[in-house]
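Notes follow the structure.
The values are calculated or read from the model by the stated rules, or taken from the named source; none is laboratory data. Because the structure is a prediction, the values reported are computed rather than measured. Here Cβ is always computed from backbone atoms with ideal geometry, including for glycine, and neighbour counts include all displayed protein chains.
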Amino acid sequence: MPSLSSLLLKIPDELKPMAAIGIGAIILVLLVLFHGFGVHRILVSFQRADVRMRIGRPHLGRAGFLFGWSVFLILSLHIAEIVLWAYALIWLGLIVRAADAIYFCANAYTTLGYGTVDLGPNWRNISPIIAISGLFTFAWTTSVLVSIVRTYLRLIEQLEMERAEQLNLRAAARTAEYTALKSETEEIKAHRSQARERSKEASFSERRAIRKEEKLEEKQIHDSARAELQKIRDKESHDEDMLGQTTPQNDSEVKK
């Protein structure tokens, strides 16, 4: 079975420019469909992660990583499209070396328009088709980036508010812990004072009993204070986990 490059050689020279436009148009449509699928998946993944990050404890670092990762994926998508164009030209037999094909497609795709590689006079109409595909995909990417940046800024604004609320919750918890510990100390001091008063006129055996009773009461006070501290910390943890639960989400952010 003859290769595709050998079939292209059989096309009359006067028809090759039109054939270049037709072949380039087909590849362009397929590439734009590929780009649309790619940016759709990136945007959906970003929106899903955005919804998850709005609920629970605020993580500003994760939000920044999410934004950077989305930009990297979009860049990778464009690089993949340049490589696909290069592979198509090699498959068509228009360029032999892969490095030359990638270099040529990168220049045409980004509309830089310079380079030492050429397709020849009969097939050079593919070059503007590659440039048009770059214009289409970059315009699409721009709209997606605008949506991502807008969502990211709203996310950061909410996380900053939640971070301030989280600091308030922690400050309130530390204050409650300090109050509980202070109350424990004062209660122990009061019990010790009462025990000393009772021991003044008591016998040796009675003093031992009073001391034993005092230690038991101090242990109960200590255990009660520890339970109160744990309760305060559990409430603080629960309140932090519930941050963002009541924040309304936009319809576009909760889809899928």
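Per-structure values
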read-out	value
Of all residues making up the range 63-120, the number that are of a type outside the set (D, E, K, R), farther than 30 Å from Ile156 by Cα and part of a helix (DSSP H, G or I)	22
Any chance Tyr103 is among the aromatic types (Phe, Trp, Tyr) and more than 30 Å from the chain's Cα centre (by Cα)	yes
Long-range neighbours under 6 Å by Cβ, at least six apart or interchain, first residue without any contact (Cβ under 8 Å) to a residue 12 or more places away in the chain within the range 199-226, second polar (S, T, N, Q) and surrounded by 12 or more Cβ atoms within 10 Å (Cβ to Cβ)	Arg207/Ser199
Test: residue in the range 134-143 that is farther than 29 Å from Arg57 by Cβ, surrounded by 13 or more Cβ atoms within 10 Å (Cβ to Cβ) and at pLDDT below 85	no
Matching entry among Arg48, Arg52 (being modelled with pLDDT under 90, assigned by TED's automatic domain parsing to the domain that holds Leu135 and out of contact with any Leu (no Cβ under 9 Å at 6 or more places or on another chain))	Arg52
Close pairs from the range 65-87: first assigned by TED's automatic domain parsing to the domain that holds Val32, partner not in a helix (DSSP H, G or I), Cβ under 8 Å, at least 6 apart	Ala86/Ile95
Flag if Lys200 is loosely packed, with under 14 Cβ neighbours inside 10 Å, in contact with a helix residue (DSSP H, G or I) (Cβ under 6 Å, 6 or more places away or on another chain) and at pLDDT below 75	no
Any hit, the range 177-184, residues being assigned to a helix (DSSP H, G or I), at pLDDT 85 or above and in contact with a Ser or Thr (Cβ under 8 Å, 6 or more places away or on another chain)	no
Hits in the range 45-65 - residues which are closer than 24 Å to Ser237 by Cβ, of a type in the set (A, V, I, L, M, F, W, C) and touching a helix residue (DSSP H, G or I) at 6+ places or on another chain (Cβ under 7 Å)	Ala49, Val51, Met53, Leu60, Ala63
Residue that is farthest from Ala101 (Cα to Cα), among those in the range 74-83 that are buried (at least 16 other Cβ atoms within 10 Å of the Cβ) and of a type in the set (A, V, I, L, M)	Ile74
Asp50, sole failed condition from (1) closer than 29 Å to Gln166 by Cβ; (2) among the acidic types (Asp, Glu); (3) without any contact (Cβ under 8 Å) to a residue 24 or more places away in the chain	(3)
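Residues checked against (1) touching a residue at least 40 places away in the same chain (Cβ under 8 Å); (2) not assigned by TED's automatic domain parsing to the domain that holds Phe67:
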{"position": "Asp118", "(1), (2)": "no, no"}
{"position": "Ser127", "(1), (2)": "no, no"}
{"position": "Trp140", "(1), (2)": "yes, no"}
{"position": "Thr179", "(1), (2)": "no, yes"}
{"position": "Lys189", "(1), (2)": "no, yes"}
